[in-house]
Amino acid sequence: MREAKKNISAEYIERLNASPFFIVVDYQGLKVDQFEELRNRLDETKAELHVVKNRIFNIAAKEAGFEEDLVGDLKGQLAVVTGEAEISATAKIVKNFESEFSKPSIRFAYMGDSRLDESQVKIIADLPSLDELRAKLVGVVQAPAQKLATLVNTPGTQLAQVLKAKSEKGDA
């Protein structure tokens with residue numbers, strides 16, 4: 001392999017190792033301004049979209065530890081989305097962009113060591129973000145605690161109201 005290809009392959013390996021996921025999309029027919037718009041939207045989730053040479057990407061994926069041979073899946077004009085954060089927010093942007101412009105089409109993805117097909121990526125895209133899920137969980141945990149605190153405080157509050165009423169009645 002030529003030196004330039006080795007450098008490109010090393011860059012792909014670095015991206016794959018740094019990202020908890022990657023999504024492979026077919027960008028054929030996507031115009032330059034649309035491609036740039038997708039990149040801008042992906043910036044919001046700290047994700048990047050890069051055009052890949054299929055053969056070199058397959059080599060990089062193997063060297064990054066993906067055991068499956070991707071050669072059969074890497075056909076056409078492909079780009080890879082990688083990111084620093086969670087997959088759901090990034091998948092949501094790609095899915096919404098695809099529904100808006102009919103491109104790029106999601107081929108497959110990897111989350112950790114798990115391969116995801118197009119439908120699974122779209123299901124993940126429909127999930128709430130990790131922050132939203134955390135907020136819901138905190139709400140679920142807090143609700144019983146608030147009810148318990150109200151229950152514990154109710155007898156004391158009622159007693160204080162009775163004593164206050166008695167003292168007001170006694171002063172009159």
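The values are calculated or read from the model by the stated rules, or taken from the named source; none is laboratory data. Computed from a prediction, not measured in an experiment: that's the story for all the values here. Note that each Cβ is placed from the backbone with ideal geometry, even for glycine, and that neighbours are counted across all protein chains shown.
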Practice item. Mind listing whichever residues of segment 124-149 are within 15 Å of the chain's Cα centre (by Cα), without any contact (Cβ under 8 Å) to a residue 40 or more places away in the chain and either more than 22 Å from residue 92 (Cβ to Cβ) or surrounded by 14 or more Cβ atoms within 10 Å (Cβ to Cβ) (or both)? Key: 124, 125, 127
Exercise for review: Output the residues belonging to segment 1-21 that are modelled with pLDDT of 85 or more and touching a helix residue (DSSP H, G or I) at 6+ places or on another chain (Cβ under 6 Å).
Suggested key: 21
Exercise for review: Go through (1) in a helix (DSSP H, G or I); (2) among the hydrophobic types (A, V, I, L, M, F, W, C); (3) in contact with a helix residue (DSSP H, G or I) (Cβ under 7 Å, 6 or more places away or on another chain) one by one and return the number of the condition residue 152 breaks.
Suggested key: (3)
Practice item. Kindly establish whether residue 82 is touching a His at 6+ places or on another chain (Cβ under 8 Å) and crowded, with 17+ Cβ neighbours inside 10 Å. Key: yes
Review point. Out of all the residues in segment 52-71, is one or more under 20 Å from the mean Cα position of the chain (by Cα), at pLDDT below 90 and assigned by TED's automatic domain parsing to the domain that holds residue 92?
Key: no
Review point. In segment 41-62, how many are under 17 Å from residue 91 (Cβ atoms), assigned to a helix (DSSP H, G or I) and either without any contact (Cβ under 8 Å) to a residue 24 or more places away in the chain or basic (Lys, Arg) (or both)?
Key: 2
Study note, to complete from the structure: Residue count, segment 100-140, condition of a type in the set (S, T, N, Q) and part of a strand (DSSP E or B), comes to 2
Review point. Only one of these conditions is not met by residue 97: (1) farther than 24 Å from residue 10 by Cβ; (2) of a type in the set (Phe, Trp, Tyr); (3) not in a helix (DSSP H, G or I). Which number is it?
Key: (3)
Review point. What residue, of 60, 109, 91, is small (Gly, Ala, Ser), crowded, with 17+ Cβ neighbours inside 10 Å and farther than 14 Å from residue 21 by Cα?
Key: 60
